[in-house]
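A.B. asks: The following block contains the structure, expressed as structure tokens.
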Amino acid sequence: MLKKIAITGNIATGKSEALKVFKKLRSYTIDADKIVHELIENDFDIKKQVLDLLGEKILENGKIDRKKIAKIVFSDENKLKKLEGLIHPKVLIEIEKEYNRVKNKNFDFFVVEIPLLFEIGYQSFFDIVITITAKDTIAKKRYKDKDYTLRKQRQMSEIDTEKLSDFVIENNQNLSDLEENIKKLSITFKKF
């Protein structure tokens, strides 16, 4: 059976880069945030519910503007929880659908980048959970938007995330170091 791996971690630690490395290593990869974006843009029911929740002020030229959503929900915990309640269950359904679609195909692993894995309690779906960490100063440099602190506050602390994970990769160096660490781990994963 195709092993399911979750990549999680705080903002700007290098989760997306780790996902790219796994893709190079013959894994089927999914970015949960991309599923969220697709649902908000293309799923009529979700779109309507998001508009009902946050109002038409989130529209830009008739389309939902994710930056406007972020600005609202990161300053209103209640709206954020309601939004997540609408979207997270559908994201999880999409991930499971994709797994069932590809589980018998010729991939080494099924890897999902899912930032809020522990916050939504979805870790039991996966065989292996990897947390990517980075020093705060490095993560801040990597992240270009101003809402770094707001987004980071929304996530579980690295210490708690590390305790719940099977493996932790410190990503304070360059991309080739990250790639090397993932290659070593993938060899280990193939053994069990």
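The values are calculated or read from the model by the stated rules, or taken from the named source; none is laboratory data. Just so we're clear, the structure is a prediction, and the values are computed from it rather than from any experiment. Virtual Cβ from ideal backbone geometry, glycine too; neighbours counted across all protein chains shown. Ligands, DNA and RNA are stripped out before the accessible areas are found, and what is left, the full protein with its side chains, is counted by its heavy atoms. Shrake-Rupley method; radii C 1.70, N 1.55, O 1.52, S 1.80 Å.
A.B. asks: Which numbered condition in (1) at pLDDT 85 or above; (2) of a type outside the set (A, V, I, L, M, F, W, C); (3) not in a loop (DSSP other than H, G, I, E, B) is the only one that ARG151 fails?
C.D. replies: Here ARG151 meets the rest and fails (1).
A.B. asks: Mind listing just one residue for me: the one in region 93-124 that is closer than 20 Å to THR188 by Cα, open to solvent by less than 40 Å² (accessible area, probe 1.4 Å) and hydrophobic (A, V, I, L, M, F, W, C) and, of those, nearest to the chain's Cα centre (by Cα)?
C.D. replies: VAL112
A.B. asks: List pairs: first residue in region 130-159 and open to solvent by 70 Å² or more (accessible area, probe 1.4 Å), second residue at pLDDT 80 or above anywhere in the structure, Cβ distance under 7 angstrom, at least six positions apart or on different chains.
C.D. replies: Hits for this filter: LYS135/ASN172; ARG142/ALA12; LEU150/PHE74; ARG151/ILE11; ARG151/PHE74.
Okay, residues lined up against (1) at pLDDT 95 or above; (2) farther than 28 Å from VAL168 by Cα:
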position: ILE11; (1), (2): no, no
position: GLY14; (1), (2): no, no
position: GLU17; (1), (2): yes, no
position: PHE22; (1), (2): yes, no
position: TYR28; (1), (2): yes, no
position: LEU54; (1), (2): yes, yes
position: ILE72; (1), (2): no, yes
position: ASP76; (1), (2): no, yes
position: ARG101; (1), (2): yes, yes
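A.B. asks: Give the residues of region 154-166 that are hydrophobic (A, V, I, L, M, F, W, C) and part of a helix (DSSP H, G or I), sorted by residue number.
C.D. replies: Across region 154-166, the qualifying residues are ILE159, LEU164.
A.B. asks: Hey, another quick one. Among the listed residues ILE169, ILE182, identify the single one that is surrounded by 16 or more Cβ atoms within 10 Å (Cβ to Cβ) and part of a helix (DSSP H, G or I).
C.D. replies: One residue alone meets the criteria, ILE182.
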